[in-house]
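Novice: Before I ask anything, here is the structure I am working with.
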Amino acid sequence: RQRRHTTGTNMEMSKLAPAFAKLAEAAQEISEIFAAAGGVTLGKRGPGALLLDADGKPVKKKKEKRAPRAPTKFNEFMRTKVAQVKSDNPTRSPKDVFAMCAAMWATAPENPKSSAAAALPPAKSEKGSLKSGKGKSKK
């Protein structure tokens with residue numbers, strides 16, 4: 001192995017330090033000019049990310065409140081089954097009750113991925129369904 005000479009690299013870095021310091025001062029000056037012009041500062045989050053109020057304090061954006069999404073078939077199944085299993089087995093721990101209900105979901109007719117759901121007739125699609133093989137290519 002060859003040893004690297006770090007003294008040469010350190011000397012080169014020491015020569016660059018004043019240049020980096022001047023660059024940092026210039027960046028700060030540019031940031032102050034942008035802040036004075038339109039309230040935009042350049043920082044860690046990029047241009048335009050931080051807005052300032054009249055006092056020069058950062059303005060925080062408020063998150064929009066959204067309506068909660070509709071419960072899934074799994075959510076509805078679990079809500080009813082957990083209540084049913086709890087009433088049938090009051091001594092079971094909540095963890096066991098939930099595990100039992102989750103296992104029931106695997107074969108539940110409400111589950112679109114279960115084998116019981118495959119036995120149900122297919123739901124009609126909005127665009128219409130293919131009847132008697134129309135539209136299928138023959139080989």
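Throughout, read-outs are computed from the coordinates displayed, never taken from laboratory work. Source: prediction; values computed, not measured. Cβ: placed from backbone, ideal geometry, glycine included. Neighbour counts: every protein chain shown.
Novice: Do any trypsin sites (Lys or Arg not before Pro) in the range 47-110 lie in a DSSP loop with no more than 12 other beta carbon atoms within 10 Å, and if so, which? Present the calculation step by step, with values, prior to reporting the outcome.
Specialist: Details: sites: 60, 61, 62, 63, 65, 66, 69, 73, 79, 81, 86, 92, 95; in loops: 60, 61, 62, 63, 65, 66, 69, 92.
In loop regions of the range 47-110 (DSSP not H, G, I, E or B), the sparsely surrounded trypsin sites (Lys or Arg not before Pro) are 60, 61, 62, 63, 65, 66, 69.
Novice: Evaluate the distance, in nm, between pseudo-label points positioned 7 Å from the Cα of residue 75 and of residue 24 along their respective Cα→Cβ axes.
Specialist: 5.0 nm
Novice: Separate question: What does the charge count near residue 98 come to, summing +1 for each Lys or Arg and -1 for each Asp or Glu among other residues with Cβ under 13 Å from its Cβ?
Specialist: Values: positive: 79, 81, 86, 92, 95; negative: 96.
It works out to a net charge of +4.
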